[in-house]
1. Looking at (1) part of a helix (DSSP H, G or I); (2) out of contact with any Gly (no Cβ under 8 Å at 6 or more places or on another chain); (3) of a type outside the set (Asp, Glu); (4) closer than 29 Å to Leu318 by Cα, which one does Tyr163 not meet, given that it meets all the others?
2. I'd like the residue in the range 533-567 that is over 27 Å from the mean Cα position of the chain (by Cα), of a type outside the set (Lys, Arg) and at pLDDT 80 or above and, out of all such residues, is nearest to Gly148 (Cα to Cα).
3. I'd like the residue in the range 210-244 that is over 19 Å from Tyr314 (Cβ atoms) and in a helix (DSSP H, G or I) and, out of all such residues, is modelled with the lowest pLDDT.
4. Collect the residues in the range 245-259 that are of a type in the set (A, V, I, L, M, F, W, C) and at pLDDT below 85, keeping them in residue-number order.
5. As an exercise: evaluate Ser517 against (1) more than 28 Å from the chain's Cα centre (by Cα); (2) modelled with pLDDT under 85; (3) among the hydroxyl-bearing types (Ser, Thr, Tyr) and give the number of the one condition it does not meet.
6. Among residues belonging to the range 172-208 that are hydroxyl-bearing (Ser, Thr, Tyr) and in a helix (DSSP H, G or I), point out the one that is nearest to the chain's Cα centre (by Cα).
7. Report, by residue number, each residue of the range 361-388 that is of a type in the set (A, V, I, L, M) and either farther than 21 Å from Ser349 by Cβ or not in a helix (DSSP H, G or I) (or both).
8. When the range 321-331 is examined, which residues are found to be over 10 Å from Pro101 (Cβ atoms) and in a helix (DSSP H, G or I)?
Amino acid sequence: MVKKVYAHDYEDGVKTSGKEGAERLEMSVISGESNWPENGGTGDSDPELHSYQDSELHGHVQEGQVKRALKPRHISMIALGGTIGTGLFVGIAAPLSYAGPVGALIAYIFVGSFVYFVTQSLGEMATFIPVTSSITVFSSRFLSPAFGFANGYMYWFNWAITYAVELSVIGQVIQYWTDAVPLAGWIAIFWVLITLANFFPVHFYGEVEFWVAALKVLAIVGYLLYALIVVCGGSKLGPVGFRYWRNPGPWGDGIISKNKAEGRFLGWVASLINASFTYQGTELVGITAGEASNPRKTVPRAINKVFFRILFFYILSLFFVGLLVPFNDPSLSQDSSSPLIASSPFVISIKHAGTRALPDIFNAVVLVTIISAANSNVYVGSRILFSLAHSGIAPKHFTYLTKQGVPYWGVIGTALLGLLAFLATNDNANEGFNWLINISTLAGLCAWFFISFSHIRFMQCLKHRGISRDDLPFKSKFMPWGAYYAAFWVAVVIFVQGFQAFSPTTTAAKFFTSYISLILLVVTFIGAQIFYRCRFLTRVEDIDIDSDRREIDALIWEEEEPTTLWGKFWTAVA
């Protein structure tokens, strides 16, 4: 059964839906008439103001070249699968060691609370203006060209660095079985394979990611069931229950300090950076909006489903891992001579339970998972460069596409930065891994801040235009206070995450590792501000919310409604 879906029509802030609204807007587009004021909605013809409405300043993206070939199930699973990777399977070892099982749970719930509002903010904007790499476009339009420039490059930097992180872990996962091939060899092999895979059409990428993400979900559900059985006594350990919460205890030893309470608190603060890294990718829906079929339907659906699934998987996984692995287990604090995956709390808990074959099986799942996450990194990075180039703040070559709509120069540019993975091949590989994680996470936190800040400005613009948020395709919850809450706490985490850099024994290298992303952000913003000579913040009355929106309003999508039980199942799940 095929159903025609009409995009919402917006005229003077009033939402109409269905065929009548789509036809009326289509006629206005054909005739060149519109009830929306030009020049960002102000109707002001001042040439100075007009100069700041250029596409190169405000991120007008010429859609129609990248292909809208991602189906609803692709969007949901890409967002879900892109966040389940190294951060979950390996990254939770540090929070568990520093903060203990209860401290780590509190850290993940706390970070999850403001990430929820970040995704809500992005969902409202991305459904109203569904463009490729919407995060960077919104910064340019709703904040200023300089903010868009700085955020765009830092967000690309974040995903390119994360690609290097994933590559460094892939080799170490394989070394769990054999060290016949050096780590640098595995990095080189998978760098070539993953980079080449990103030259395939986007529907191929979406299909592969869908099934790999499904495997990730099944693996986590399987582990949760296994962990429940072990906790209840179904292994050689006997009933585990809350044994390790009593001894060694629910709270970790934290960071070494003269004051025990202070040390525990600092350990909890240190765990926030790992929690933030684990949650990165929840905003992927905003990147895929420009290649989604019927984004007005698929994006809200993905936003509402994906976040709670991720929170569910992360919190439950961390809860069971905390029951099965004591925070003082020596395997959590991995030395540089052993494979990094050996410090995964998932693998440690399975080993402790004495299930012989399962560690190898789970390790294979982790390998597929991390390869998938690395593939997503290149996809996201290439689309960000494509968007930046269309906005006039990246070289024009990044707008070049293959016949299938793949921004091949964007793929190459992102992949090149992935070669930083070789930094993790020296004698202290795990230190190089942590260095890359810190840089990537701080850049991602900055992007979250800009999403919330952009949404605050977006809501101010709607109010100035007299547009009710009730008339939007997707109205985010608990706003505007949710956006203020997220922006505040993200800013706090950005500044406190590098607290160890201010100790008397800190080296210059440690300080730059903690704050290099923030330093680069400030430098690029100042450079862009000097180049564009624009306002620090674009005036609310000059904000452009029309470009790239009216074209979407006039489109009609055909959706095939599932008729089989299997199809209905995947519609409900994905």
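The values are calculated or read from the model by the stated rules, or taken from the named source; none is laboratory data. Predicted model only: the values in this text are computed from it and were never measured. Methodologically, a virtual Cβ is constructed for each residue, glycine included, from the backbone with ideal geometry; neighbour enumeration extends over all protein chains shown.
1. Tyr163 satisfies all of (1) part of a helix (DSSP H, G or I); (2) out of contact with any Gly (no Cβ under 8 Å at 6 or more places or on another chain); (3) of a type outside the set (Asp, Glu); (4) closer than 29 Å to Leu318 by Cα except (2).
2. Looking at the filtered set, the residue picked out is Cys534.
3. If we filter the range 210-244 for residues that are over 19 Å from Tyr314 (Cβ atoms), which is where we start, we get 210-211, 229-230, 232-244.
Checking the rest, the ones that are also in a helix (DSSP H, G or I) come to 210-211, 229-230, 243-244.
Working: Phe210: 76, Trp211: 79, Ile229: 90, Val230: 88, Arg243: 85, Tyr244: 85.
Filtering the range 210-244 for residues that are over 19 Å from Tyr314 (Cβ atoms) and in a helix (DSSP H, G or I), the one modelled with the lowest pLDDT comes out as Phe210.
4. Trp251, Ile255, Ile256
5. With (1) more than 28 Å from the chain's Cα centre (by Cα); (2) modelled with pLDDT under 85; (3) among the hydroxyl-bearing types (Ser, Thr, Tyr) applied to Ser517, the lone miss is (1).
6. Only one residue tops the list, namely Tyr205.
7. Correct list: Ile371, Ala373, Ala374, Val378, Val380, Ile384, Leu385, Leu388.
8. Of the residues in the range 321-331, the ones over 10 Å from Pro101 (Cβ atoms) are 328-331.
Passing the criteria: Pro330, Ser331.
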